[in-house]
Amino acid sequence: MKSRESVFGRVMIWALAMAATVAAWGGQPDSPEQLVPLLKHRDPKQRLYAATRLATTKDPTVVQPLIEAIADTNPQVREQAARSLGQVGDAQALRPLVATLKHKSIPMRAAAADGLGALANPAAVQPLIGVLGGAESVQRSAVAALVKIGTPAIAPLIAALKATDQAVRPQAAEALGMIGDARALKPLLNALDRADRRTRCAVAHALGVLGDKSAVAPLIAALGKRPRGARPYMPIRFDVRVPAAEALGALGDKRAVAPLTRAAKDRNRKLASAAAKALKLLEAKP
């Protein structure tokens with residue numbers, strides 16, 4: 001009985017203490033003043049909670065504590081701290097997030113790119129382009145970040161279509177398509193003819209996303225050219241005809257019906273399937 005009473009007493013004391021804390025903070029239990037100390041809590045769950053909740057505040061006083069939390073011993077905490085740092089939206093976050101793009105941990109580099117996307121500072125464009133050739137998750141986060149930055153990224157991304165690192169080029173094309181700026185059309189069309197095979201595939205997809213009907217004729221031409229090394233039955237890696245067919249379906253121009261009909265009968269099953277799906281999209285168009 002004493003044991004039960006003792007436990008009950010401790011619970012009541014804890015509840016009263018929490019109520020007093022909430023009252024002291026004016027009914028705001030998730031204020032920055034309360035959350036920042038939790039970043040030093042011995043329990044990583046508490047630190048993660050604090051790092052997550054701090055993303056919702058625009059208070060500049062939380063920036064330095066979040067910068068320090070990037071070095072947390074727990075990987076989830078430091079990744080969330082990087083994302084939250086960008087979401088706070090203070091320019092002080094730029095330098096530490098750019099530095100974190102070189103972190104030894106792949107998830108940490110991806111989190112830094114996420115944070116820079118939330119920050120949307122044009123000064124982050126070149127550092128983000130610099131990691132487009134990295135690990136796949138980092139590439140995805142960097143592309144998404146560049147899309148959020150938008151217009152200031154157009155010219156650097158156009159230049160990146162000719163980057164020395166071939167892994168950068170397809171990601172640059174993808175970002176250009178998603179940003180949707182008309183200035184990207186001509187450089188993408190040039191790359192469709194002259195770039196390496198992997199980049200040409202990304203460019204074809206980007207042209208479909210961009211949505212400009214000027215790309216229809218060049219995509220039809222790409223659809224009709226069998227890549228070197230392609231065999232009738234066996235799909236090859238980075239066959240531009242497949243994304244060209246998909247892009248033509250997305251663009252919805254009836255000029256593509258005849259070439260897509262021919263491609264739908266191709267012995268290459270992957271190409272035939274992409275062309276058939278594109279034709280269905282065209283049929284649904286008025």
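If we scan segment 217-237, do we find a residue that is β-branched (Val, Ile, Thr), touching a residue at least 40 places away in the same chain (Cβ under 8 Å) and not in a helix (DSSP H, G or I)?
Just the residues of segment 217-237 that are β-branched (Val, Ile, Thr), to begin with: 220, 236.
If we keep only those that are touching a residue at least 40 places away in the same chain (Cβ under 8 Å) too, we end up with none.
No; the residues of segment 217-237 include none that is β-branched (Val, Ile, Thr), touching a residue at least 40 places away in the same chain (Cβ under 8 Å) and not in a helix (DSSP H, G or I).
Being of a type outside the set (Phe, Trp, Tyr), closer than 29 Å to residue 156 by Cβ and surrounded by fewer than 21 Cβ atoms within 10 Å (Cβ to Cβ) is the requirement here; does residue 182 meet it? For residue 182, the condition - of a type outside the set (Phe, Trp, Tyr), closer than 29 Å to residue 156 by Cβ and surrounded by fewer than 21 Cβ atoms within 10 Å (Cβ to Cβ) - is met.
Residues being modelled with pLDDT under 95 and within 27 Å of residue 245 (Cβ to Cβ) are represented in segment 173-193 by at least one member. Look at residue 102 and say whether it is under 21 Å from residue 132 (Cβ atoms), surrounded by fewer than 23 Cβ atoms within 10 Å (Cβ to Cβ) and not hydrophobic (A, V, I, L, M, F, W, C). Answer is yes for this residue.
So, of the residues in segment 97-109 that are assigned to a helix (DSSP H, G or I) and in contact with a Gly (Cβ under 9 Å, 6 or more places away or on another chain), which turns out to be farthest from residue 57 (Cα to Cα)?
Taking segment 97-109 first, the residues assigned to a helix (DSSP H, G or I) are 97-100, 106-109.
So of that shortlist, the ones also in contact with a Gly (Cβ under 9 Å, 6 or more places away or on another chain) come out as 97, 100, 106, 109.
Working: 97: 18, 100: 22, 106: 27, 109: 23 Å.
In this case the residue turns out to be 106.
Which residue, of 128, 94, is in a helix (DSSP H, G or I), at pLDDT 95 or above and more than 13 Å from the chain's Cα centre (by Cα)? Testing whether each residue is in a helix (DSSP H, G or I), at pLDDT 95 or above and more than 13 Å from the chain's Cα centre (by Cα) leaves just 94.
Here is the figure for segment 252-286: residues that are under 26 Å from residue 237 (Cβ atoms) and part of a loop (DSSP other than H, G, I, E, B) total 5.
The values are calculated or read from the model by the stated rules, or taken from the named source; none is laboratory data. The structure presented is a predicted model; accordingly, all values stated were derived computationally and were not measured. As a convention, Cβ positions derive from the backbone with ideal geometry for all residues, glycine included, and neighbour counts pool all protein chains shown.
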